[in-house]
1. Could you identify the single residue in Leu50, Leu16, Leu46 that is at pLDDT 95 or above and touching a Pro at 6+ places or on another chain (Cβ under 8 Å)?
2. Scan the stretch 22-43 for residues that are out of contact with any Pro (no Cβ under 9 Å at 6 or more places or on another chain) and assigned to a strand (DSSP E or B) and jot them down.
3. Restrict the check to the stretch 39-47 and report whether at least one residue is surrounded by 11 or more Cβ atoms within 10 Å (Cβ to Cβ) and in contact with a Gly (Cβ under 9 Å, 6 or more places away or on another chain).
4. Restricting the stretch 22-31 to residues that are within 13 Å of the chain's Cα centre (by Cα) and surrounded by 16 or more Cβ atoms within 10 Å (Cβ to Cβ), which is nearest to Ala64 (Cα to Cα)?
5. State all residues of the stretch 1-21 that are surrounded by 11 or more Cβ atoms within 10 Å (Cβ to Cβ) and not in a helix (DSSP H, G or I); if no residue qualifies, say none.
Amino acid sequence: MLFSVGYAGRTVAELLDRLHEQDIRAVVDVRLNPSSRQPGFSKKALAASLEAGGIEYVHEPTLATATSSSTWPSSTPPTSR
């Protein structure tokens with residue numbers, strides 16, 4: 001099963017609670033650039049918090065959705081799968 005979750009307006013503790021409520025065992029971060037201005041949600045901090053909570057963290061930028069072609073490393077965004 002696949003679930004999608006956003007983190008805007010949540011703390012890391014709230015996200016962890018939500019993930020535990022649903023018995024989520026792994027999170028796949030599909031952000032192209034896994035950084036955040038929101039405390040605790042950048043790649044290293046989020047991975048550490050999730051792993052401390054017993055949840056696996058995987059960063060998979062190849063699944064990212066760009067808002068414009070300028071966001072992608074090359075001039076051509078990846079094709080849909």
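1. On inspection, the qualifying residue turns out to be Leu46.
2. Ala26, Val27, Val28
3. yes
4. Arg31
5. Those that are surrounded by 11 or more Cβ atoms within 10 Å (Cβ to Cβ) and not in a helix (DSSP H, G or I): Val5, Tyr7, Arg10, Thr11.
The values are calculated or read from the model by the stated rules, or taken from the named source; none is laboratory data. Since the structure is predicted, the reported quantities are computational estimates derived from the model, not experimental observations. Note: ideal-geometry Cβ built from the backbone for every residue, glycine included; neighbour counts use all protein chains shown.
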